[in-house]
Amino acid sequence: MEKRYAKISSAGRFLPERRLTNFDMEKMVDTNNQWILERTGIRERRILDKGLGNSYMAIRAAREALERANVDASEVDAIIVGTVTPDMFFPATACLVQKGIGASRAWGFDLSAGCAGFVFSLTTGAQFIESGRYDRVLVIGSDVMSSIIDYEDRNTCVLFGDAAGAVLLEPCEEPGYGIIDYIQRIDGVGEDYLHMKAGGSRKPASVETVKNKEHYVYQEGRQVFKYAVSEMADVAVEIMKKHNLTGDDLALFIPHQANIRIIEACARRMKLDPSKVIINIDKYANTTAATIPLCIYEAMVEKNQLKKGDNVVISAFGAGFCWGSVLIKWI
Ligand code: COA
C-alpha cells in the first residue's frame, strides 16, 4: 500500500486591528525607527486588545481555515495549538478552541515549543493523518506576546507582536505530495538564554515576582541570535541534502520571522534567490508560533503563489531551544 501523506488544504489567520509602529515605540522606550528596522527588519506589530486571550484569535483563525475548505467544525478530528501564551495554564487552549468553533467530535492539546510551536504541531498533526487514524486535523499557531512583554525593556519589547494562524490538514489524494519529511531537535541549553523566570511550578507567582518583573520574556538576544542563525539554517540545509534538492529546486522558503538578518543568513546558506523567501516581519514582527502559518496564509491565500509540485521548505527556531525544518511537495 502507498504511504499516505498529509496536505495543507486550507489556511486562516487572525490579526488584531491595533498597530504599534516603531514610531509609537520611540515614545515608550529609548529606541528609534532606524535601529529597529536595521537590526530586525520590523516596522510595526499588531497588539490584541486587553481582556481578550489567545483563544479569541485562535478561534477566528480556525474558523476561517474551515470556511475556506468548506469543512464543518463537526468534521474535525483533532485540534493542536502551538503556543507559549495560552489563555490559562489549564484548560488547554485547544479545549477553548473546540468549544468556540463547535468541533463536537474533536480532541486536542496545546504544544509548547516557543517559536517552533507551529512546526512541531504541524508535523505532529501530520502523523495522525499519515497513520490513517484521522482525516481532518486543525493545526494552529497563536500567541499573545504582548501579554508577557515588558514595554519598558527596549531589548525585547520592539521584537514581538500578536497574531494567530491556522491550517487544516487532510489526506493527500496523490502519492508523493504533501508533508514529505521533517527534521526536528531540542536542546535545553536554551533555557539560560530565553525563558520566563516565574509563574511556573519552580517559582510560583508572588508579590515579589511581580515586583521583580519576572513574568515577562527574559532574553539574551545576542546568544539566541547566534544559535538561531546556525541551527535554523543547519536543519534547512540538512533536509534539502537528504532529498537531493538545491536552492534552484525550491519554489519557496518559509522561515520563522524573528529577525531579517537571521532569515537572510539562512537563505544564503541554502543558496536561495531572495525572491523565494517569504518575509513579512516588517508588518507583524515576531508573533512566535504564528509566524509560519501567517506566511503560509500569505503564500496560499493572499498571493496564490503555490502550485502543484512546488517544493517548499519551512524552518523555525525558538525557546527551548526547539527547532526544525519541514519539506512539503505542494498539492
Ligand atoms: N533600540 C535601541 N538600541 C537597542 C535596542 C532598541 N530597541 N535594543 C537593544 N539596543 C542596544 C543594546 O542595549 C546594545 O547597546 P550597548 O552596545 O550599549 O550595550 C546595542 O543596541 C546592541 O545590542 P545587541 O544585543 O548587540 O544587538 P543585536 O544586533 O544583537 O540585536 C536583537 C539585538 C535582539 C535584535 C538580536 O540579538 C536578535 O534578533 N536576537 C534573536 C532574537 C530572537 O530571535 N528571539 C526569539 C526567539 S527565535
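Taken together, the values in this text are just the output of simple stated rules run on the coordinates, not laboratory data. Because the structure is predicted, anything quoted here is derived from the model rather than measured. A quick note on method: Cβ atoms are made from the backbone with ideal geometry, for glycine too, and the neighbour counts reach across all protein chains shown.
Please label the shape of the chain as rounded, prolate or oblate, based on the square roots a ≥ b ≥ c of the eigenvalues of the alpha-carbon gyration tensor (a/c under 1.5 means rounded; beyond that, a/b larger than b/c means prolate, else oblate).
Judged from the Cα gyration tensor, the chain comes out oblate (a/c at least 1.5, b/c at or above a/b).
Show me the ranking of peptides 84-90, 108-114 by mean Cβ neighbours inside 10 Å, starting with the highest.
On the way: 84-90: 16.1, 108-114: 22.3.
The peptides rank, most packed first, as 108-114, 84-90.
Could you let me know the centre-to-centre spacing of the stretch 254-282 and the stretch 13-55, using Cα atoms, in angstrom?
If you average the Cα positions of each part, the centres end up 20 Å apart.
Taking θ as phi - 60°, what are the ³J(HN,Hα) couplings along the stretch 12-22 by the Karplus curve (6.51, -1.76, 1.60), each to the nearest whole Hz, with x for Gly and Pro?
x, 8, 9, 10, x, 5, 5, 9, 10, 8, 4
For the stretch 2-48, run through the GluC sites (Glu not before Pro) and keep only the ones in DSSP coil with at most 12 other Cβ atoms within 10 Å of their Cβ.
Details: sites: E2, E17, E26, E38, E44; in loops: E2, E17.
Taking the stretch 2-48 and a limit of 12 other Cβ atoms within 10 Å, the loop GluC sites (Glu not before Pro) found are E2, E17.
If contacts are Cα pairs under 8 angstrom and at least 6 residues apart, what is the relative contact order of the stretch 178-329 in percent?
Numbers: 242 pairs, mean separation 55.6, N = 152.
It rounds to 37 percent for the stretch 178-329.
5 Å is the cut-off here: which amide hydrogens, built 1.01 Å from N in the peptide plane, fall below it relative to A163, excluding neighbours closer than 5 in sequence?
D143, M145
Which whole-Hz ³J(HN,Hα) couplings does the stretch 229-239 yield from phi under the Karplus relation 6.51 cos²θ - 1.76 cosθ + 1.60, θ = phi - 60°, glycine and proline marked x?
Karplus values, whole Hz, x for Gly and Pro: 4, 7, 5, 5, 6, 3, 6, 5, 5, 4, 6.
I need to check one value: relative contact order of the chain, counting alpha carbon pairs closer than 8 Å and at least 6 residues apart, in percent. List each step's numbers first, then the result.
On the way: 813 pairs, mean separation 82.9, N = 331.
That works out to 25 percent.
In this model, which of K50/K203; K7/K283; K7/K303; K7/K307; K226/K303; K27/K50 are farther than 22 Å apart at the alpha-carbon? Write out the running numbers ahead of the final one.
Numbers: K50/K203 25 Å; K7/K283 27 Å; K7/K303 19 Å; K7/K307 13 Å; K226/K303 32 Å; K27/K50 20 Å.
Beyond 22 Å: K50/K203; K7/K283; K226/K303.
Rounded to the nearest 500, what is the chain's calculated 222 nm mean residue ellipticity when only DSSP H runs of at least 4 contribute -39500 (n - 2.57) each, over all residues?
Details: 11 runs with 104 residues, N = 331.
So the calculated ellipticity at 222 nm is -9000 deg cm²/dmol.
Can you pull the percent of Cα pairs in the stretch 145-204 with separation above 14 Å?
Working: 1359 of 1770 pairs.
Within the stretch 145-204, distances greater than 14 Å cover 77 percent of Cα pairs.
So which trypsin sites (Lys or Arg not before Pro) in the stretch 13-88 are both in a DSSP loop and have at most 12 other Cβ atoms within 10 Å of their Cβ?
Working: sites: R13, R18, R19, K27, R39, R43, R45, R46, K50, R60, R63, R68; in loops: K27, R43, K50.
Here the sparse-neighbourhood loop sites are K27, K50.
Please list the non-local residues whose amide H lies under 5 Å from the amide H of G41, H modeled 1.01 Å from N, same-chain partners needing a gap of 5 or more.
Amide H to amide H, under 5 Å and 5 or more residues apart or across chains, G41 pairs with I260.
Which of the aspartates and glutamates could a cross-linker span from K3 if the Cα-Cα distance has to be under 12 Å and same-chain partners fewer than 8 positions apart are dropped?
Filter leaves E130, E173, E174.
Trypsin sites (Lys or Arg not before Pro), restricted to the stretch 70-172: which are DSSP loop and have at most 15 other Cβ atoms within 10 Å? Mind dumping the intermediate values first?
Numbers: sites: K99, R105, R133, R136, R154; in loops: R105, R133, R136.
Qualifying residues, ordered by number: R105, R133.
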